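*Asks:* Right, I'll just put the structure down here and ask away after.
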Amino acid sequence: MKTTLSAVALSLLLAAPAFAKDVAGVKYPETATVEGKELKLNGVGLRTKMVFKVYTAGLYVENPSQDGAKIISADEIKRVRMYMLRDLDKKTITDAIGDAFKKNAGSKLAELQPKLDQFNSGVTDVKKGDELILTYVPGQGTRVQSAKGGQTITVEGKDFADALFSVFVGKSPVDGDLKDGMLGKD
């Protein structure tokens, strides 16, 4: 009987997802599967605004790196999973992402603006505990989805994905500490 219980306990332990990181009480698994590919957790970070904890974010990529430019330029599947630590309205989210997007897009902003507008149309108000997931798939575009339902939209183009992922790990990120965490430099 004791051996059977040990075997059952071991099998349950092995079946449970392995969590690589915990930030602000949010657990991030070591891997995520997208389109049949296993992505690895590159890093996690905490977005703060003044003294307030806003959200945590995990970056999943095919080939982990501490080089943000390399991650952005890679034409591979990548995902940012954002977990909200407070309620945020759509305008707050789109303004923060939009400001960093515009800084990183530079001279390409005019041609990317319609895609940014499309992205903004897919963002909704979020509550504490909600997730916003941004996934780039080569040849398909960037999916914007809320883990609690709602519509999923896809914005086409690697150029858009490059500017969007730059918001997190580019030259002008929305938050430097968040960037360092997502690049595994914490």
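The values are calculated or read from the model by the stated rules, or taken from the named source; none is laboratory data. Bear in mind the structure is a predicted one, so any value in this text is a computation, not a measurement. These area figures cover heavy atoms from the full protein model, side chains too; ligands, DNA and RNA do not enter into them. Shrake-Rupley method; radii C 1.70, N 1.55, O 1.52, S 1.80 Å.
*Asks:* Can you tell me the orientation of helix 90-105 relative to the chain, as the angle in degrees between its alpha-carbon axis and the longest Cα principal axis, to the nearest 10?
*Replies:* 70
*Asks:* For the chain, what % of the accessible area comes from carbon and sulfur atoms, probe 1.4 Å?
*Replies:* Ligands and nucleic acids excluded, carbon and sulfur give 52 percent.
*Asks:* How high is the relative contact order of the chain, in percent, with contacts defined as C-alpha pairs under 8 Å that are six or more residues apart?
*Replies:* 22
*Asks:* Right, another one. Between residue 78 and residues 5 or more places away or on another chain, which pairs have amide H atoms under 5 Å apart, with H built 1.01 Å from N, and which residues are they?
*Replies:* Placed amide hydrogens put 136 under 5 Å from residue 78.
*Asks:* Between 139, 98, 122, find the one with the highest GNM mean-square fluctuation for the chain; connect C-alpha pairs within less than 10 Å.
*Replies:* Answer for the Gaussian network model of the chain: 139.
*Asks:* Long-range amide H contacts for residue 129: which residues qualify at under 5 Å (H placed 1.01 Å from N, peptide plane, sequence gap of 5 or more or a different chain)?
*Replies:* Those qualifying (amide H under 5 Å, at least 5 residues apart or on another chain) are 84, 85, 86.
*Asks:* I'd like the orientation of helix 109-122 relative to the chain: the angle between its Cα long axis and the longest Cα principal axis, in ° from 0 to 90, rounded to 10.
*Replies:* Taking Cα atoms only, the helix is inclined about 50 degrees.
*Asks:* Along the stretch 53-69, what does the Karplus equation 6.51 cos²θ - 1.76 cosθ + 1.60 (θ = phi - 60°) give for ³J(HN,Hα), rounded to whole Hz, x for Gly and Pro?
*Replies:* 7, 9, 7, 9, 9, x, 10, 10, 9, 6, 10, x, 7, 9, 9, x, 4
*Asks:* Can you work out the accessible area per residue across the stretch 116-186, with the rest of the protein chains kept in place, probe 1.4 Å, in square angstrom?
*Replies:* Heavy-atom accessible area per residue stands at 42 Å².
*Asks:* Given the Cα atoms of the stretch 63-157, and with Rh set as the inverse mean 1/r over their pairs in the Kirkwood sense, what is Rg to Rh to two decimals?
*Replies:* Result for the stretch 63-157 is an Rg/Rh of 0.96.
*Asks:* If the elastic network links every pair of Cα atoms under 10 Å, which of 92, 152, 56 fluctuates the most in the Gaussian network model of the chain?
*Replies:* Comparing 92, 152, 56 in the GNM, the peak value goes to 92.
*Asks:* Using a Gaussian network model of the chain whose springs link C-alpha atoms within less than 10 Å, name the residue from 146, 121, 65 with the highest mean-square fluctuation.
*Replies:* Answer for the Gaussian network model of the chain: 121.
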